[in-house]
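Working notes for the structure below.
The values are calculated or read from the model by the stated rules, or taken from the named source; none is laboratory data. Please read these numbers as outputs of a predicted model, since none were measured by experiment. Here Cβ is always computed from backbone atoms with ideal geometry, including for glycine, and neighbour counts include all displayed protein chains. With ligands, DNA and RNA removed, areas are computed over all heavy atoms of the protein, side chains included. Shrake-Rupley method; radii C 1.70, N 1.55, O 1.52, S 1.80 Å.
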Amino acid sequence: MINDVHKDAVLRTDEPYAAFSSAMSELLGTGPLDHILVDYFGSRKPLPKVAHVSTQGPTSSVAAFDSVHSDAIRLAIELAGFQVRVSGKMIRVAAPRPNPEELIAVIDEQAEQARARVRDVHSELNDQCRTQLAEGAFSEDEARHTGSVIQRFTEEALGHIESAVTLYKAMVSGQYPVPPDDTADLELLRFGRTYDGYAAFDDDPIELGRAVRQARQSWERAGELPNDLELLRTCLFLEVKEHRHRGDGSALNSHPYLRALVTRIREISGGSVPWSGL
């Protein structure tokens, strides 16, 4: 049976991360985009009148109600100063980053406040646990178990904050650090998505598909991978997507080929790769 302190640990340890993420979305986000006007049959229409706009975190996604207006919508968003990437029928939008150094300083400050709040919650929950033990409401075993639960959720919350800091700094700087070999699956998943492998197929999908297969075959035969950074990132993107669709429950980091791709990307890139945040 879960006691009240355990329940508080579940609910409260993640609150500082949620508040930090909300603050970062406001700091780095696109806003509602309602002010953007799109050329529409000789008139100017607000963006929400001609497209569905969805904002998730610091970025927004725009899908035209009628695809014939997609180019006009993209142009209007670009002229408004936003960063844009087209992926299929979806237009992904990020705000400009005119002063990356200042933004990174704010990210660091907000992140430290979030970490401090997690530590405060950790201390408060442990105080509750000790009080319950002293009053006889907890046995020593229950107090020990609850203390370990508090520690686990605290470490998870701090880990979420660190992952978010990496993400937001990369959005601002335009460079995403290649994760270490022992990175958690969530960070590996995020890194795999920093490159649009689908867009890489636009120029010559047949040739690129052949190159992706050859890269896998070369690694399986001789443990060798190419020197082409874009090809390596495409291979990783596709491996991450395939793992998700396969849904076999295995950890991403348990797949040797995927780990080999990350290691090779780190070697070729020098430790970080270009990323627009889209």
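Peptides 96-108, 143-155 ordered by packing proxy, namely the average of other Cβ atoms within 10 Å per residue, highest first: 143-155, 96-108.
Expressed as a fraction of 2.2 N^0.38 Å, the value expected for a compact globular protein of N residues, the C-alpha radius of gyration of the chain is 1.23. Comparing Cα centroids, segment 223-278 and segment 47-92 end up 28 angstrom apart. Heavy atoms of the protein chains alone define the surface here; on that basis the chain has 54 Å² accessible area per residue at 1.4 Å probe size.
Solvent-accessible area assigned to carbon and sulfur over the chain amounts to 51 percent, based on a 1.4 Å probe. The ellipsoid equivalent to the alpha-carbon distribution of segment 26-118 has semi-axes of 31, 13, 11 angstrom, derived from the gyration tensor eigenvalues as √(5λ) and listed largest first. Amide H contacts under 5 Å for residue 272: 178, restricted to partners 5 or more places along the chain or on a different chain, H placed in the peptide plane at 1.01 Å from N.
Can you give me the angle between helix 140-173 and the longest principal axis of the chain, using Cα atoms only, in degrees from 0 to 90, rounded to the nearest 10? Helix 140-173 sits roughly 20 degrees off the main axis of the chain.
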